[in-house]
Amino acid sequence: MTLETLSENKCFGGIQGIYQHPSRETGTPMRFALYRPPQALEPGARVPVLWWLSGLTCTEENFTIKAGAQRYAAEHGLMLVAPDTSPRGLDLPEEHAAYDFGSGAGFYVDATVQPWARHYRMYSYVTGELPALVAAHFPMDPARQGVSGHSMGGHGALVIALRNPDRYRSVSAFAPIVTPSRVPWGQKAFTGYLGEERALWAAYDATALVGGSEWRGPILIDQGDADTFLGTQLTPEVFADAARTAGVPITLRMQPGYDHSYFFVATFIGEHIAHHAAALAG
């Protein structure tokens, strides 16, 4: 498992790094950001890991630079890993034509429609290849994994947790796309990556998944009530209702005056990291 170090900086007693490797799943070089808290630098240490999935147009840098999460991760002894949001370095037809499909918009699915099927395999990359790589090179405890994300990444976090309750012990999301099969962002992405057969979309729709999932841990969602995408793309109350019907404990916090930006994420990221740290302790 080849790994190239692009940068490393000391941060709150730990190390913030950016790394690159050749990906089997995407067939391209992939970058990810990884923060090792000071506890991970001790000999023989194994620390819990929180996977962060970013939203449309983002790379591995957005969360790393804007969220201010390292301070809280250092306090709780939590490793943070933020992958890129799509393959890079390709030139597929229309791949770079829009912000909400193709480059920077992998939607954390395994595409089945050509030409996307060969490279746009972000679900398998995030749940399989990248965890194996991180476990091989860094002091991660595979038995203590949580997942979180923002917008498109919140969608990915919820789907990944609901589909893999034996692997992830905690989940949270900021302004997630919870009903992608019913909203324009999701419909565009799913049609392009998965085709017109809507029955196939349910595997990547958190609201469709929650009723049949074995996930029973608490879910934390923060949503700004001044988010311009709230009524058209996000609809968190639909997922909250489905979760409650399924008996899944959920906390949906509507935050007055907050929008869709990383200012919103940075405001509440400390509480989310505490939520994960509590679930991943011991």
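Could you tell me whether any residue of the stretch 7-16 is crowded, with 16+ Cβ neighbours inside 10 Å, without any contact (Cβ under 8 Å) to a residue 40 or more places away in the chain and over 17 Å from the mean Cα position of the chain (by Cα)? Within the stretch 7-16 (the criterion being crowded, with 16+ Cβ neighbours inside 10 Å, without any contact (Cβ under 8 Å) to a residue 40 or more places away in the chain and over 17 Å from the mean Cα position of the chain (by Cα)), the answer is yes, since at least one residue qualifies.
Checked against (1) open to solvent by less than 50 Å² (accessible area, probe 1.4 Å); (2) in a helix (DSSP H, G or I), PRO176 passes all but a single condition, namely (2).
Of the residues making up the stretch 125-149, those that are in a helix (DSSP H, G or I), open to solvent by 10 Å² or more (accessible area, probe 1.4 Å) and either touching a Leu at 6+ places or on another chain (Cβ under 9 Å) or at positive phi (or both) number 2.
Scanning the stretch 215-240 for residues that are in contact with a helix residue (DSSP H, G or I) (Cβ under 9 Å, 6 or more places away or on another chain), within 25 Å of GLN145 (Cβ to Cβ) and not small (Gly, Ala, Ser) yields TRP215, PRO218, ILE219, LEU220, ILE221, ASP222, GLN223, PRO236, PHE239. When you check ALA243 against the structure, is it modelled with pLDDT of 95 or more and in contact with a helix residue (DSSP H, G or I) (Cβ under 6 Å, 6 or more places away or on another chain), yes or no? Judged against the criteria, ALA243 is a match.
Once the stretch 80-105 is narrowed to residues that are small (Gly, Ala, Ser) and assigned to a strand (DSSP E or B), the residue that is surrounded by the most Cβ atoms within 10 Å (Cβ to Cβ) is ALA82. Among the residues of the stretch 179-197, write down those that are among the charged types (D, E, K, R) and either in contact with a strand residue (DSSP E or B) (Cβ under 9 Å, 6 or more places away or on another chain) or surrounded by 14 or more Cβ atoms within 10 Å (Cβ to Cβ) (or both). Of everything in the stretch 179-197, those that are among the charged types (D, E, K, R) and either in contact with a strand residue (DSSP E or B) (Cβ under 9 Å, 6 or more places away or on another chain) or surrounded by 14 or more Cβ atoms within 10 Å (Cβ to Cβ) (or both) turn out to be ARG182, LYS188. Residue check: is ASP166 open to solvent by 10 Å² or more (accessible area, probe 1.4 Å), of a type in the set (Asp, Glu) and touching a strand residue (DSSP E or B) at 6+ places or on another chain (Cβ under 9 Å)? Considered against the rule, which asks whether it is open to solvent by 10 Å² or more (accessible area, probe 1.4 Å), of a type in the set (Asp, Glu) and touching a strand residue (DSSP E or B) at 6+ places or on another chain (Cβ under 9 Å), ASP166 comes out as no.
Suppose we keep only residues that are in a helix (DSSP H, G or I) and closer than 13 Å to MET152 by Cβ within the stretch 106-124. Which one would you say is least open to solvent (accessible area, probe 1.4 Å)? Checking each candidate, the answer is MET122.
Pairs linking a residue in the stretch 131-150 that is within 21 Å of GLU25 (Cβ to Cβ) and polar (S, T, N, Q) to a residue that is open to solvent by 20 Å² or more (accessible area, probe 1.4 Å) and outside any helix (DSSP H, G or I), with Cβ atoms under 8 Å and 6 or more positions apart or on different chains, are GLN145/ARG167; GLN145/ARG169. When residues in the stretch 47-75 are screened for being within 16 Å of the chain's Cα centre (by Cα), farther than 14 Å from HIS276 by Cβ and in a loop (DSSP other than H, G, I, E, B), 7 of them pass. If you filter the stretch 27-46 down to residues that are open to solvent by less than 10 Å² (accessible area, probe 1.4 Å) and in a strand (DSSP E or B), you find that the one that is farthest from SER103 (Cα to Cα) is TYR35.
Residue check: PRO218 meets all listed conditions (1) surrounded by fewer than 19 Cβ atoms within 10 Å (Cβ to Cβ); (2) within 18 Å of the chain's Cα centre (by Cα); (3) under 16 Å from ALA67 (Cα atoms) but one, namely (3).
Could you tell me whether the stretch 66-79 includes any residue that is open to solvent by less than 40 Å² (accessible area, probe 1.4 Å), out of contact with any Gly (no Cβ under 8 Å at 6 or more places or on another chain) and of a type in the set (S, T, N, Q)? Checking the stretch 66-79: not a single residue is open to solvent by less than 40 Å² (accessible area, probe 1.4 Å), out of contact with any Gly (no Cβ under 8 Å at 6 or more places or on another chain) and of a type in the set (S, T, N, Q).
The values are calculated or read from the model by the stated rules, or taken from the named source; none is laboratory data. It should be emphasised that the depicted structure is a prediction, and the values quoted were computed from it without experimental measurement. Backbone-built Cβ (ideal geometry, glycine too); neighbour counts: all protein chains shown. The accessibility values were calculated without ligands, DNA or RNA, using every heavy atom of the protein model including side chains. Shrake-Rupley method; radii C 1.70, N 1.55, O 1.52, S 1.80 Å.
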